[in-house]
Every structure is written in structure tokens, then in C-alpha cells.
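A short write-up of the structure that comes next.
The values are calculated or read from the model by the stated rules, or taken from the named source; none is laboratory data. Note that the structure is a prediction, hence the values are computed from the model and not measured. For neighbour counting, all protein chains shown are included, and Cβ atoms are generated from backbone atoms with ideal geometry for every residue, glycine included. Heavy atoms of the whole protein, side chains included, go into the accessibility calculation; ligands, DNA and RNA do not. Shrake-Rupley method; radii C 1.70, N 1.55, O 1.52, S 1.80 Å.
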Amino acid sequence: MNKSKPRGPQTQHTGVYRIDAIKDAAESLSINISDVVASALASDVEYRIHQVIEEAARFMRHGRRTTLT
């Protein structure tokens, strides 16, 4: 008796960064990209920012700092 309700249009969501945000940034630069490309870029942006934060935290620990600014 599990009836699934029809849902409205769904946007794909990859992690923290939405595809719409990536597409908006590309359109502001007059670049048209597909949803697949936007999805790949969103996951890459998330990965790169994660790398930057990890390296910043490493420098913070090595410098004996307690606040990451």
C-alpha cells in the first residue's frame, strides 16, 4: 500500500554545490554548459575546496595555531 507521490522537477545535487550555481557562474561568463558538465564541475569544485581546507588546517597545526582564518 505504498503509493509514491508524483514529485515536481528535481535538480541534481552533488554534495554541497548545486548544479544550478555552477550553471549560473558559467552563464555569467557567457559559457553554456550541460547538466552533465555542471555536475562534474560541481563535484570537482567540492573536491578542490576540500583539499585547500585540509592543507590550511595542516599549516595551522604546524604553526601551532588554534584558529583557522
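A few notes on this one:
- Potential lengthening between Q51 and T67 on full extension [0.36 nm per residue; Cα-Cα distance subtracted]: 4.0 nm
- At the residue level, H62 shows approximately 150 square angstrom of accessible surface with a 1.4 angstrom probe and all protein chains present.
- Ranked by how many other beta carbons lie within 10 Å on average, peptides 55-61, 28-34 from highest: 55-61, 28-34
- Full-stretch length increase - N32, R18 - with 0.36 nm per residue and alpha-carbon distance subtracted: 3.4 nm
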